[in-house]
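Trainee: Below: one structure in structure tokens.
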Amino acid sequence: MKERTVSVSFMLLGILFCVCLILANLLATKPFVLGPLHLTAGLLVFPVSYIINDCIAEVWGFRKARFIIWCGFLMNFVFVLFGALADWIPGAPYWDNEEGFHKLFGQAPRVALGSFVAFLFGSFLNAYVMSVMKVSSGGRHFSVRAILSTVAGETADSLLFFPIALGGLLPWSKLLLIMVCEVVLKTLYEILVLPVTVRVVDYVKRTEGTDVYDNDVSYNVLKISEL
């Protein structure tokens with residue numbers, strides 16, 4: 001049987017990917033205003049998951065990206081499940097933060113549903129665009145591919161997440177404004193940290209000795225066993 005191993009670099013990026021997704025679930029429950037912009041605190045961390053997605057798809061290919069996306073989905077689900085369980089358990093008589101705890105974790109299932117659906121569509125679209133463009137460009141123009149894949153993924157993510165997670169809780173005019181602002185700012189986020197992303201990708205490629213081209217890959221997102 002073929003031995004399946006992963007490198008330390010891949011493992012660390014995968015862990016960071018999962019942490020960012022779990023944090024985004026919590027932070028996205030808080031909207032805030034920055035000048036004329038209406039945003040959620042999830043903006044602080046969620047774009048990092050797309051940057052990691054770009055790195056993994058670029059270095060290890062779509063198969064490994066597919067694996068880490070499903071891992072992120074599973075870890076997110078475990079977090080929400082235990083958060084809902086903790087919210088359901090009656091608090092101690094002397095504990096006076098029941099309302100605050102419920103506001104955070106009581107909304108988590110709905111936010112999580114939006115997050116699950118949007119995350120899967122957005123992340124797989126991001127990895128797909130990165131993979132296809134790498135093959136068609138012969139591995140050139142990483143910066144362009146990273147930006148365009150982020151635009152595709154973040155747009156799909158925002159179009160799905162905000163209506164599911166916050167629809168009815170915020171006026172639709174505000175919700176639409178948040179969606180547009182989030183896509184634009186997350187893309188700008190990607191552009192601003194692009195020099196760091198490029199250096200990380202180059203470093204990992206050199207140290208790992210890996211630069212996968214998905215010439216024969218199946219883009220079926222359910223083929224999790226294909227690593």
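The values are calculated or read from the model by the stated rules, or taken from the named source; none is laboratory data. Nothing here was measured: the structure is a model prediction, and the numbers come from that model. Here the Cβ positions follow ideal geometry from the backbone for every residue, glycine too, while neighbour counts run over all protein chains shown. Each accessible area value is taken on the protein alone, full model and side chains, heavy atoms only, with ligands, DNA and RNA left out. Shrake-Rupley method; radii C 1.70, N 1.55, O 1.52, S 1.80 Å.
Trainee: Only residues in the range 43-54 that are assigned to a helix (DSSP H, G or I) and at pLDDT below 90 count as the first member; pair them with residues that are among the β-branched types (V, I, T) and open to solvent by 10 Å² or more (accessible area, probe 1.4 Å), Cβ under 7 angstrom, at least 6 apart or cross-chain, and list the lot.
Mentor: Pairs that qualify, where the first residue is assigned to a helix (DSSP H, G or I) and at pLDDT below 90 and the partner is among the β-branched types (V, I, T) and open to solvent by 10 Å² or more (accessible area, probe 1.4 Å), are I51/V193.
Trainee: While we're here: Could we say that A112 is touching a helix residue (DSSP H, G or I) at 6+ places or on another chain (Cβ under 7 Å), part of a helix (DSSP H, G or I), more than 17 Å from Y219 (Cβ to Cβ) and not polar (S, T, N, Q) here?
Mentor: Numbers: touching a helix residue (DSSP H, G or I) at 6+ places or on another chain (Cβ under 7 Å): yes; part of a helix (DSSP H, G or I): yes; more than 17 Å from Y219 (Cβ to Cβ): yes; not polar (S, T, N, Q): yes.
Yes; evaluated as a whole, the condition is true for this residue.
Trainee: Right, here's the next one. T29 versus (1) open to solvent by 50 Å² or more (accessible area, probe 1.4 Å); (2) part of a loop (DSSP other than H, G, I, E, B): which is the lone unmet condition?
Mentor: Tallying (1) open to solvent by 50 Å² or more (accessible area, probe 1.4 Å); (2) part of a loop (DSSP other than H, G, I, E, B), T29 fails exactly one: (1).
Trainee: Is it the case, given these coordinates, that T210 is crowded, with 19+ Cβ neighbours inside 10 Å and among the β-branched types (V, I, T)?
Mentor: Values: crowded, with 19+ Cβ neighbours inside 10 Å: no; among the β-branched types (V, I, T): yes.
No: the conditions fail for T210.
Trainee: Consider only pairs whose beta carbons are under 6 Å apart and that are at least six residues apart or on different chains; among these, list those whose first residue lies in the range 213-227 and is of a type in the set (D, E, K, R) and whose second residue is in a loop (DSSP other than H, G, I, E, B).
Mentor: Qualifying pairs under 6 Å: D214/G61.
Trainee: Now, a different point. Out of contact with any strand residue (DSSP E or B) (no Cβ under 6 Å at 6 or more places or on another chain) and either over 26 Å from R140 (Cβ atoms) or not hydrophobic (A, V, I, L, M, F, W, C) (or both): which single residue out of C55, C18 fits that description? Spell out how you get there, then give the answer.
Mentor: Values: C55 fails: either over 26 Å from R140 (Cβ atoms) or not hydrophobic (A, V, I, L, M, F, W, C) (or both).
From the options C55, C18, the qualifying one is C18.
Trainee: I would also like to ask the following. One residue is enough: does the range 81-89 have a residue meeting the conditions part of a helix (DSSP H, G or I) and in contact with a strand residue (DSSP E or B) (Cβ under 7 Å, 6 or more places away or on another chain)?
Mentor: Initially, the range 81-89 is screened for residues part of a helix (DSSP H, G or I), giving 81-88.
Subsequent filtering for residues that are in contact with a strand residue (DSSP E or B) (Cβ under 7 Å, 6 or more places away or on another chain) retains none.
Within the range 81-89 (the criterion being part of a helix (DSSP H, G or I) and in contact with a strand residue (DSSP E or B) (Cβ under 7 Å, 6 or more places away or on another chain)), the answer is no, since none of the residues qualifies.
Trainee: Please go through the range 81-92 and pick out each residue that is under 10 Å from G106 (Cα atoms) and surrounded by 11 or more Cβ atoms within 10 Å (Cβ to Cβ).
Mentor: Residues satisfying the conditions are G83, A84, A86, D87.
Trainee: Would you check if there is a residue in the range 168-177 being closer than 22 Å to L26 by Cβ, among the charged types (D, E, K, R), open to solvent by 50 Å² or more (accessible area, probe 1.4 Å) and out of contact with any helix residue (DSSP H, G or I) (no Cβ under 8 Å at 6 or more places or on another chain)?
Mentor: Checked the range 168-177: at least one residue is closer than 22 Å to L26 by Cβ, among the charged types (D, E, K, R), open to solvent by 50 Å² or more (accessible area, probe 1.4 Å) and out of contact with any helix residue (DSSP H, G or I) (no Cβ under 8 Å at 6 or more places or on another chain).
Trainee: Oh, and also: Looking at V151, V132, V180, V144, can you tell me which residue is more than 14 Å from A24 (Cα to Cα), open to solvent by 30 Å² or more (accessible area, probe 1.4 Å) and touching a Ser or Thr at 6+ places or on another chain (Cβ under 7 Å)?
Mentor: Numbers: V132 fails: touching a Ser or Thr at 6+ places or on another chain (Cβ under 7 Å); V180 fails: touching a Ser or Thr at 6+ places or on another chain (Cβ under 7 Å); V144 fails: touching a Ser or Thr at 6+ places or on another chain (Cβ under 7 Å).
Going through V151, V132, V180, V144 in turn, the sole match is V151.
Trainee: When both residues are 6+ apart or on different chains and their Cβ atoms are under 7 Å apart, which pairs have a first residue that lies in the range 75-93 and is of a type outside the set (G, A, S), and a second that is open to solvent by 80 Å² or more (accessible area, probe 1.4 Å)?
Mentor: The qualifying pairs are D87/H102.
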